[in-house]
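Here the structure comes first, spelled out in structure tokens, and everything after it is commentary.
The values are calculated or read from the model by the stated rules, or taken from the named source; none is laboratory data. In this text, all values refer to a predicted model and were calculated from it rather than measured experimentally. Backbone-built Cβ (ideal geometry, glycine too); neighbour counts: all protein chains shown. We work out accessible area using only protein heavy atoms, side chains counted, and drop any ligands, DNA or RNA first. Shrake-Rupley method; radii C 1.70, N 1.55, O 1.52, S 1.80 Å.
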Amino acid sequence: MIRELAYIGVASPRHEEWLTYGTEVLGCGLGPRGGDGAVRLRVDDAVHRITIRPGDRDELLYTGWAFTNEAELAAYLERLRLAGVDVTPGTVDECRDRGVAELAWVTDPWGMRHEFVSGQHRRPGTFWPGRPLSGFVADDFGLGHVVLIVPDLAEANAFYGDILGFTLSDRVDEELMKVRFYHCNGRHHSLAVAQVPGKVGFNHLMLEVNSLDDVGTGLDLAKRAGAPVLRGLGRHTNDLMTSFYMLTPSSFQIEYGFGGIVVDDLTWVASTNDRPSLWGHELTEAGRTTAPGILHDAERVTA
Ligand SMILES: [Fe+2]
């Protein structure tokens, strides 16, 4: 089964800004630049986990999910094929670019690309944060979590839950916000899907740091750097993460948080929360006037 969120790749006309935003605000380390000029960021000993490529418009290009080893990956891909999913093998160039040994990819019903990989390249003992920071919760927990926007939660669950095999953690069900959260390791969720009728897209990437002070200094630095804060400090009902949300140079958001719980499948029961936060996470003026991420009109690309 899927073991962790390995990486994401985004295209953006403002990719160069990630050299400073990614290091000085987020505290990521810098990885090697891509051949196309991509900025690559690290949060642990993996060679890179966030890639921002040059592009004409902001776009989530792919999300990468790692397996324990090549046999686990091959068995999983075979199950997907038997379930009727169109699985495309990755090329040698794609493996080199992503920093992995094996790669294959699929798209969800609305065309969002998911890559399944094994053998992610690591350089033990080489991670150094881009600003004073106690570090990220990553390694075996993966990069963090991604929240995708989908037009229909039931259809999304049929793909992400039933076919891809993500385990439901819980739901938020309120009038204006309907979200399903999924885990693939102890992190409460590595993936969530939020329903926006008629739309598909990428709402946010969550990065978890090792101390509340890292969140506070991140908030100070975001304001100083002019990165719009879209939701103020707050604490989520389900994963108990204390976090805030800011707009990146590339239209999606970063949730920057501390203190997420770890779930254990032996004891975990999926519940429903009628609100997303215990306190805080109030929309700012910028939050009220900014689109919720990189958004497109939804168009089904597979049956
Ligand atoms: Fe989040």
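Brief remarks on what is shown
- Criterion: open to solvent by 10 Å² or more (accessible area, probe 1.4 Å) and farther than 30 Å from residue 20 by Cα - qualifying residue of 171, 113: 171
- Breaking point among (1) assigned to a loop (DSSP other than H, G, I, E, B); (2) over 21 Å from residue 149 (Cβ atoms), for residue 41: (1)
- Residue count, region 270-289 (criterion: more than 16 Å from the ligand (Cβ to nearest atom) and over 29 Å from residue 133 (Cα atoms)): 6
- Unmet criterion (only one of (1) more than 14 Å from the ligand (Cβ to nearest atom); (2) crowded, with 18+ Cβ neighbours inside 10 Å) for residue 267: (2)
- Exactly one residue among 209, 215, 179, 196 is in contact with a strand residue (DSSP E or B) (Cβ under 6 Å, 6 or more places away or on another chain), within 16 Å of the ligand (Cβ to nearest atom), open to solvent by 30 Å² or more (accessible area, probe 1.4 Å) and among the aliphatic types (A, V, I, L, M), and that residue is 196.
- Qualifying residue in region 23-36 (condition: of a type in the set (D, E, K, R), out of contact with any Pro (no Cβ under 9 Å at 6 or more places or on another chain), open to solvent by 10 Å² or more (accessible area, probe 1.4 Å) and in a loop (DSSP other than H, G, I, E, B)): yes
- Extreme residue, farthest from the ligand (Cβ to nearest atom), among residues of region 235-258 that are assigned to a strand (DSSP E or B) and open to solvent by 10 Å² or more (accessible area, probe 1.4 Å): 247
- Within region 159-214, the set of residues being among the basic types (Lys, Arg) and closer than 21 Å to residue 107 by Cβ comprises 180, 199.
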